[in-house]
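Asker: Here it is, the structure in full.
Laboratory data are not the source of any read-out in this text; all were calculated from the coordinates shown. Fair warning: this is a prediction, and the values are worked out from it, not measured in the lab. We place every Cβ from the backbone using ideal geometry, glycine too, and count neighbours over all the protein chains shown.
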Amino acid sequence: MTIRSAARATSSAGPPAPDVPDISALLGDWLNTDRGAVSKGPLRLTVTECGTGLTVRAFGTTPADGRSAAGEQPRDWGEVPAAVYTAPGVPSVAWSFSAVYELGGFRTVLSAYYKTGILVTTASSVPFDGGGPGRWTRSFFHRAEEVV
């Protein structure tokens, strides 16, 4: 895996520069496929292009919250910059990203990769003070516009 900057990415009106990965597969609004059940971690993601690369806005439960009940409004984790990664041998296409959030006494690293129309994420959370156990979740997301 190779980390590449999407900092000089152009708008969707033109093709990206040759040394900048295409981030289009990662962009958009994503919904957790487990949204009807009791869930931990992120429930909705908005991935957008910005002048310095990607930003990710996440909504869901925070590590301090534990699990959320079905129908409960997710918390806004905020919008943060994300590192973009490309697959070995395919430096022109971005296929994953990672973003770091600081939530309720925890540092949470959200990592995601795109595969066949699905965004697969993991959220790893550790307490700032080093006390207590960390938390880890894996989730699957589909594009919001695909909801029937």
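Asker: Going by amide H atoms built from the backbone, whose H comes under 5 Å of the H on F106, apart from near neighbours?
Answerer: Counting only residues 5 or more places away or on other chains, the set is F128.
Asker: Continuing with this model, one more query. Return P(r) of the range 73-148 (all Cα-Cα pairs; 5 Å bins starting at 0; whole %; ordered from short to long distances).
Answerer: 3, 13, 18, 23, 19, 12, 7, 3, 1
Asker: Can you work out the FRET efficiency for the pair F140 and E102, with r the C-beta to C-beta distance and R0 = 22 Å, to the nearest 0.05?
Answerer: Values: r = 25 Å, r/R0 = 1.13.
Approximately 0.30, to the nearest 0.05.
Asker: Averaging over all projection directions, find the projected area of the Cα convex hull of the range 109-148 and quote it in nm² with one decimal place.
Answerer: Working: hull surface 14.5 nm².
Result: 3.6 nm².
Asker: If each residue of separation counts as 0.36 nm, what is the full-extension length gain between L27 and D129 once their alpha-carbon separation is subtracted?
Answerer: Going from the current span to full extension adds 33.3 nm.
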